[in-house]
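One structure below.
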Amino acid sequence: MNLEITSFKDYKRIYDYSIAEPEKFWEGIADTYYWRKKWHTVLEWNFKDPSIKWFQGAKLNITENCLDRHLEKEGDRTAIIWEPNDPEEHYRKLTYKELHFKVCQFANALKNNGTKKGDCICIYMPMVPELAIAVLACARIGAVHSVVFGGFSAQSIADRINDAQCSLVITADGGFRGNKDIPLKNVIDDALVQCHSVQKVIVLTRNRTPVSMIKGRDVWWEDEIKKVETQGNPACLAEEMDAEDELFILYTSGSTGKPKGVVHTCGGYMVYVGYTFKTVFQYQPDEVFFCTADIGWITGHSYIVYGPLSQGATTLLFEGIPTWPDAGRFWDIVEKHQANILYTAPTAIRSLMSFGDEPLKGKNLSSLKKLGSVGEPINEEAWHWFDEKIGKKNCPVVDTWWQTETSGIMISPIARITPTKPGYATLPLPGIQPCLVDENGKEIEGNGVSGNLCIKFPWPGIIRTTYGDHERCRTAYFATYENMYFTGDGCLRDEDGYYRITGRVDDVINVSGHRIGTAEVENAINMHADVIESAVVGYPHDIKGQGIYAYVILGSSIHAHDLTRKNILQTVSRIIGAIAKPDKIQFVSGLPKTRSGKIMRRILRKIAEGETSNLGDTSTLLDPNVVEEIKSGSLFS
Ligand code: WTA
């Protein structure tokens, strides 16, 4: 069966085949990769435990697919283009040969520092090529990487390092983001006070901020590379991995207080991200792919590093932010590096849109051929702006729906093939079987219906477990509805069978495309000495998609004033990171609770949205007066 999709008719035919013969379909996709040894069983699964195993018996190393296999014919092709934060600093380009060399070199440095197959490595770095090199070097030697986004606090890093018992940390002295210096090594030093598993810290030089290097523990990246050079730069043979060996852990927020370590494995992850990258973006050789995400999130893992490199693509990595030195930065980068595909987030689009047309003047965007969006629902206005002002109505816009747990794109148009509809992620990719269910777990058939989005059948990139706590994986994703993976998203399927994701139905808020658990923020707020209790909800925010609204009860002797508010924000920054700071704080004397003590968030959500008249049924409240007080209360923001 030819799995190439060149028309909408092909899509439908291949989709039907992928559902009728899923194992044959995925085997056909997997055959396009390099395996040291092929599988004896394509798939073995049950969603009850859950236990999902793809390509059992197969042996591989993902870096041989991302690097080695391109060397002979495409070794001189550019693998990574790096655009620094400061446009005055020189950009860098690495060919596949150079990237391969550097990955092997750093992999040897990791070995010299005691890293072995199966060890877990924490990576906390700025968006520089060395971050991609560090990730790939771990994969090269079979170490499991856990990348932590540079915006997380010392406490969050410590929690993640301890959860996975990381033996080594890779970081940098600091990083640049817009006009800010980020003191990465200092944050790591604060984190490590609480972490006893870490033996070594490798520190890359980036912003030359003063750092304290601890004897016996901390070493410089550059020195370690020199050591490898004096050893004669031995090649670093790729470790042979089982398809189901762990490739990485990535922490993400859920409904409960503690972030979960989502685990992905070598074979299935590789097959899935390469397939989705090639299919959705219809990637053609020599196209420059610009994904504006950070490697600290799943989008960066899958569509800056592994997806593009597995397909021999040229991937553009940008260190800075869209609005610095001005709101034309993305467009300068597109023009400078002749980017052909731009993959970004609705929040970035809305933010740039708010600057009007001025930043677009004089920018040549004619290299662009395809546009993509990810991370949150894209509103129609932003979709049209992207389509008209950036794509000049010549570039298909692919609104890609997926999650950290799915590892790659699940529901999305295929560029130039699927007819698009603003605000719609459209149709599932071949191999993906979505369904909508009602509260009782009954599947809702037919079109023109809404429900909770589930997936009925495994795909190679599906989450395998949550690190160190398999039961948590089961209850979070596989226990809500029998025999289905539950996404946590609400969804509408229109008359044409097109899917539109309407947002989270659990206690997760999506702030600028970052997933934040309300319970996590509440825990952080409650750490503040003056706070008795708090309740956090999301509310619609023009740029961020959702903002964070916190209702806070202070101790009886505490007076609410602006400093109290700032102290609470500071506490949240310390405990989680600046990304989780509430946008609005309202001090209240009580929270609406049911007689059994459950906070009625539905009511708080409505008030946060500005709705005060139609609050629904409040008859089960313990004290309905609380609602009146909250409605008339004043806000500190
Ligand atoms: C949301 C990011 C609407 C959704 C790749 C999901 C989206 C969560 C879209 C996962 C989209 C992602 N339209 N909503 N195209 N893409 N989401 O794990 O709520 O950071 O559950 O993965 O983002 O966020 P995560």
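Read-outs: derived from the displayed coordinates by stated rules, not from any lab. Predicted, not measured: the structure shown is a model, and the values here were computed from it. As a convention, Cβ positions derive from the backbone with ideal geometry for all residues, glycine included, and neighbour counts pool all protein chains shown.
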By the C-alpha gyration tensor axes a ≥ b ≥ c (rounded if a/c is under 1.5, else prolate when a/b exceeds b/c, else oblate), the shape of the range 510-636 is oblate
The range 74-216: Cα Rg divided by the 2.2 N^0.38 Å rule of thumb = 1.04
Loop-resident trypsin sites (Lys or Arg not before Pro) in the range 293-398 with no more than 15 other Cβ atoms inside 10 Å, DSSP not H/G/I/E/B, are Lys361, Lys363, Lys392, Lys393
Mind scanning Lys392/Lys544; Lys369/Lys393; Lys97/Lys200; Lys24/Lys278; Lys361/Lys392 and naming the pairs with a C-alpha gap bigger than 22 Å?
-> Lys392/Lys544; Lys97/Lys200
Any trypsin sites (Lys or Arg not before Pro) in the range 594-635 that lie in a DSSP loop and have at most 16 other Cβ atoms within 10 Å would be Arg595, Lys598
Cα-only Debye scattering, the chain: base-10 log of I(q)/I(0) at q = 0.08, 0.12 Å⁻¹ = -0.58, -1.37
Given DSSP loops and a limit of at most 16 other Cβ atoms within 10 Å, what is the longest stretch of the chain that contains no such chymotrypsin sites (Phe, Trp or Tyr not before Pro)?
-> 356-637
Using just the helices of the chain, give the 222 nm mean residue ellipticity in deg cm²/dmol: DSSP H runs with n ≥ 4 each add -39,500 (n - 2.57), and the total is spread over all residues, rounded to 500.
-> -8000 deg cm²/dmol
Which trypsin sites (Lys or Arg not before Pro) from the range 8-76 combine a DSSP loop assignment with at most 13 other Cβ atoms within 10 Å?
-> Arg36, Lys48
Rounded to the nearest whole Å³, what is the per residue volume of the convex hull around the Cα atoms of the range 1-126?
-> 224
Can you tell me what the convex hull of the Cα atoms of the range 295-433 projects to on average, as an area in nm²?
-> 8.3
Applying the Karplus parametrisation 6.51 cos²θ - 1.76 cosθ + 1.60 with θ = phi - 60° to the phi angles of the range 300-316, what ³J(HN,Hα) value in whole Hz is obtained for each residue in order, glycine and proline being reported as x?
-> x, 4, 7, 10, 10, 9, 5, x, x, 5, 5, 9, x, 8, 9, 10, 9
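With an 8 Å Cα cut-off and a minimum separation of 6 or more residues, compute the relative contact order for the range 48-100 in percent.
Working: 42 pairs, mean separation 17.5, N = 53.
Rounded, it is 33 percent for the range 48-100.
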Rounded, prolate or oblate: which fits the range 446-573, taking a ≥ b ≥ c as square roots of the Cα gyration tensor eigenvalues, rounded meaning a/c under 1.5, else prolate when a/b beats b/c?
-> prolate
